[in-house]
């Protein structure tokens with residue numbers, strides 16, 4: 001056998017999965033009403049940051065951890081505001097709780113990011129940040145996940161929207177807005193604000 | 001039959017990407033002070049090895065344990081197989097005990113595919129004869145991606161991978177050719193003609209017998225083990241001759257581009273296909289391969305046992321993803 005030119009094999013174009021996940025064909029999110037504007041969200045974040053500083057008498061021992069994926073950008077904003085208010089750097093992390101959910105195997109739960117906890121949480125006060133508090137099951141899973149990173153002195157919960165329908169005894173410490181909803185409605189929190197809506201009809 | 005992982009072809013490019021992506025989250029778990037999550041609590045994973053193995057079996061067991069699954073170990077040498085129990089009776093017995101996944105290594109090509117027809121458990125091929133070893137290829141792709149610092153979800157378009165050695169008997173080579181090609185790599189096989197498959201028709205690869213010629217155009221040099229136990233007849237004149245022409249030594253490493261990686265699936269025949277000091281170079285990522293094996297196998301176990309339909313139909317997966325988005329909270 002002589003030397004044969006290597007054949008260039010055709011690979012598919014990859015890396016488009018996230019987009020697909022966010023907008024699967026025919027099941028897109030359709031907003032029905034705007035609940036908070038971008039300014040409203042910004043002001044709520046600032047208030048929450050002040051409340052966090054007030055409750056904890058400063059930012060000593062604080063660690064801000066966003067729940068992936070919705071809570072991570074909000075957590076980053078809050079961490080930035082805390083520095084502005086108190087002048088000290090606050091460790092920022094993110095938590096993907098998919099591995100800790102109680103509904104694994106009954107439906108698909110796929111991690112959509114890698115957990116990053118920058119410090120040992122033993123003795124720290126953890127502020128968990130999420131976009132929407134609904135059944136409380138994500139927060140329950142997050143509490144289990146946190147325990148594997150050390151024994152926090154206290155865990156507090158900050159959410160932009162509390163939409164009710166709790167299935168577990170969990171309540172938030174800091175809330176952007178209480179929003180009464182129906183179970184089948186969807187709440188979307190983005191940097192452009194908060195909107196209430198549902199899924200588009202199956203297009204087929 | 002529940003879905004399983006029998007070949008790389010079953011998985012396709014999208015399936016491969018899904019495993020590699022999830023493996024990153026699994027790698028993070030392994031780095032924690034308590035490297036264990038409750039994800040697969042209550043699930044049972046049985047490892048059935050009809051052929052010897054160190055790393056694959058331990059790697060699967062470690063992966064299962066880090067996800068809190070229970071593990072059962074079956075080794076042919078200490079089982080009723082020695083009393084003449086058939087493969088079918090053996091796996092049906094284990095299936096009857098209620099296992100969720102069977103990890104099978106067998107000297108006969110196609111054995112895991114047969115078992116998958118007989119049992120309810122998800123069957124994972126951990127190496128069958130000269131056929132496939134899909135999780136090895138997945139962990140190799142993951143290792144290459146990590147070692148080259150490629151972003152999550154990126155493919156291997158244009159990456160030049162040279163696979164050297166006993167391709168003919170190698171299930172590792174078959175699975176790797178399939179996986180690397182699916183991700184867009186340019187694969188070249190280097191071996192004496194007797195150690196290449198009789199026909200390469202349909203293989204998305206180039207082939208040559210001149211290692212020194214391809215080394216300067218190689219980004220990843222993958223060395224295969226010379227499988228003395230599978231050699232039938234006089235396929236190579238003698239070991240020294242093989243080592244002179246195909247062994248990776250210091251001098252050949254100098255012909256490789258500076259950033260090129262060296263991989264080996266293990267176990268290594270030091271001094272045959274790879275020189276002692278070459279195996280211990282920084283660019284040899286052989287130990288990373290072993291470490292990454294645990295993360296990749298965690299990802300495979302999780303996708304098979306924790307996410308209904310994740311490795312099956314695309315539609316089931318997309319619907320599941322929608323629900324995931326909708327029901328967070």
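Of all residues in segment A:116-134, which are at pLDDT 95 or above and under 15 Å from the mean Cα position of the chain (by Cα)?
A:126, A:127, A:128, A:129, A:130, A:131, A:132, A:133, A:134
For the condition in contact with a helix residue (DSSP H, G or I) (Cβ under 6 Å, 6 or more places away or on another chain) and either at the interface with chain A (Cβ under 10 Å from one of its Cβ atoms) or surrounded by 15 or more Cβ atoms within 10 Å (Cβ to Cβ) (or both), what is the one hit in B:223, B:235?
B:235
Looking for whichever is within 11 Å of another protein chain (Cβ to nearest Cβ) and surrounded by 21 or more Cβ atoms within 10 Å (Cβ to Cβ) here; the options are A:131, A:148, A:184, A:144. Which one fits?
Going through A:131, A:148, A:184, A:144 in turn, just one is within 11 Å of another protein chain (Cβ to nearest Cβ) and surrounded by 21 or more Cβ atoms within 10 Å (Cβ to Cβ): A:131.
Pick from B:311, B:303: which is at pLDDT 80 or above and within 14 Å of chain A (Cβ to nearest Cβ)?
Details: B:311 fails: at pLDDT 80 or above.
Exactly one residue qualifies, and that residue is B:303.
Could you check residue B:51 against (1) under 20 Å from the mean Cα position of the chain (by Cα); (2) assigned to a loop (DSSP other than H, G, I, E, B); (3) loosely packed, with under 15 Cβ neighbours inside 10 Å and say which number it fails?
Tallying (1) under 20 Å from the mean Cα position of the chain (by Cα); (2) assigned to a loop (DSSP other than H, G, I, E, B); (3) loosely packed, with under 15 Cβ neighbours inside 10 Å, residue B:51 fails exactly one: (3).
Please specify each residue of segment A:65-117 satisfying the condition of being in a helix (DSSP H, G or I) and either within 14 Å of chain B (Cβ to nearest Cβ) or buried (at least 19 other Cβ atoms within 10 Å of the Cβ) (or both).
A:71, A:72, A:74, A:75, A:77, A:78, A:79, A:81, A:82, A:98, A:99, A:100
Each row is one residue, and each column tells you yes or no for (1) in a helix (DSSP H, G or I); (2) closer than 25 Å to residue B:286 by Cα; (3) within 14 Å of chain A (Cβ to nearest Cβ).
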position: B:3; (1), (2), (3): no, no, yes
position: B:21; (1), (2), (3): yes, yes, yes
position: B:39; (1), (2), (3): no, no, yes
position: B:68; (1), (2), (3): no, no, yes
position: B:71; (1), (2), (3): no, no, no
position: B:74; (1), (2), (3): no, no, no
position: B:82; (1), (2), (3): yes, no, no
position: B:90; (1), (2), (3): yes, no, no
position: B:98; (1), (2), (3): no, no, no
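Identify all residues within segment B:142-166 that are away from chain A (no Cβ under 12 Å) and either surrounded by 23 or more Cβ atoms within 10 Å (Cβ to Cβ) or at negative phi (or both); write none if there are none.
Selection gives B:142, B:143, B:144, B:146, B:147, B:148, B:164, B:165, B:166.
For the structure I just gave you, tell me whether residue B:287 is more than 30 Å from residue A:129 (Cα to Cα), at pLDDT 90 or above and either within 8 Å of chain A (Cβ to nearest Cβ) or out of contact with any strand residue (DSSP E or B) (no Cβ under 6 Å at 6 or more places or on another chain) (or both).
Yes.
Go through segment B:14-28 and count every residue that is touching a helix residue (DSSP H, G or I) at 6+ places or on another chain (Cβ under 6 Å) and either surrounded by fewer than 22 Cβ atoms within 10 Å (Cβ to Cβ) or closer than 21 Å to residue A:122 by Cα (or both).
So the count comes out to 1.
The values are calculated or read from the model by the stated rules, or taken from the named source; none is laboratory data. Everything quoted here is computed from the prediction, not taken from an experiment. Cβ sites come from the backbone with ideal geometry, for glycine too, and all protein chains shown count toward neighbours.
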